[in-house]
Amino acid sequence: MDARLQVFQEKMEKALSYLESDYQTIRAGRANPHVLDKVKVDYYGTPTPIQQVGNVSVPEPRMIQIAPWEKSLIKDIEKAIMMSDIGITPSNDGAVIRLVFPELTEERRKDLVKEVKKKGEEAKVAIRNIRREGNDSFKKLAKEEVSEDEIKELTDKLQKMTDQFVKDIDAAIDSKSKEIMTV
């Protein structure tokens, strides 16, 4: 692949992988330890991901269990979860913290699907911005004695790449929407 196109493909891949990792944090009625990815615990003055201060497991389909390596962290972990946007109240028995995910209501599922579509649209905008950036850089090549045919070819390839990434985003939106709407 042309090195001039490679740069823009890598940027588009990053936009798509960011969307996919963002989708992992959206809960779909089942317990998914990735919902805790953005939650940080105050660990000796340093914001630290929960996965680095204890074992995170999924003993049942709708429950996440956190076993902190230091018992003194239980209150801090609970506080961090309460302050996050997960929307689940943790319970503990002195040794482990449990997060029980309630069954999602139809209304909540529809709200989550709207959120999924909104994030997908934001990713498409990012892809289109990358395409525009690429087209602008190709126009500047005209000043460097690159033929119009070559510029047209680069522009066409960039458009095909953009179309493919938009299709991939649509597929990710559909997949996550189906996952959320499945009861």
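Figures for the structure shown
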item	result
Filter pass, GLY94 being free of Cβ contacts under 8 Å to residues at least 12 places away in the same chain, farther than 30 Å from LEU158 by Cβ and not hydrophobic (A, V, I, L, M, F, W, C)	no
Pairs, first more than 23 Å from ILE169 (Cβ to Cβ) and open to solvent by less than 60 Å² (accessible area, probe 1.4 Å) in the range 23-44, second modelled with pLDDT of 85 or more and assigned to a loop (DSSP other than H, G, I, E, B), C-beta under 7 Å, six or more apart	VAL41/VAL53
Residues satisfying the stated conditions in the range 80-94, i.e. open to solvent by 40 Å² or more (accessible area, probe 1.4 Å) and modelled with pLDDT of 80 or more	MET82, MET83, THR89, SER91, ASN92, ASP93, GLY94
So VAL146, is it closer than 19 Å to ALA3 by Cβ, free of Cβ contacts under 8 Å to residues at least 60 places away in the same chain and aliphatic (A, V, I, L, M)	yes
Some residue of the range 104-123 being open to solvent by less than 60 Å² (accessible area, probe 1.4 Å), over 19 Å from ALA15 (Cβ atoms), free of Cβ contacts under 8 Å to residues at least 60 places away in the same chain and outside any helix (DSSP H, G or I)	no
LEU104 vs. criteria farther than 30 Å from TYR44 by Cα and in contact with a helix residue (DSSP H, G or I) (Cβ under 7 Å, 6 or more places away or on another chain)	no
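The values are calculated or read from the model by the stated rules, or taken from the named source; none is laboratory data. A quick note: this is a predicted structure, and the numbers were derived from the prediction, not measured. So basically every Cβ, Gly included, is an ideal-geometry build from the backbone, and we count neighbours across all protein chains shown. With ligands, DNA and RNA removed, areas are computed over all heavy atoms of the protein, side chains included. Shrake-Rupley method; radii C 1.70, N 1.55, O 1.52, S 1.80 Å.
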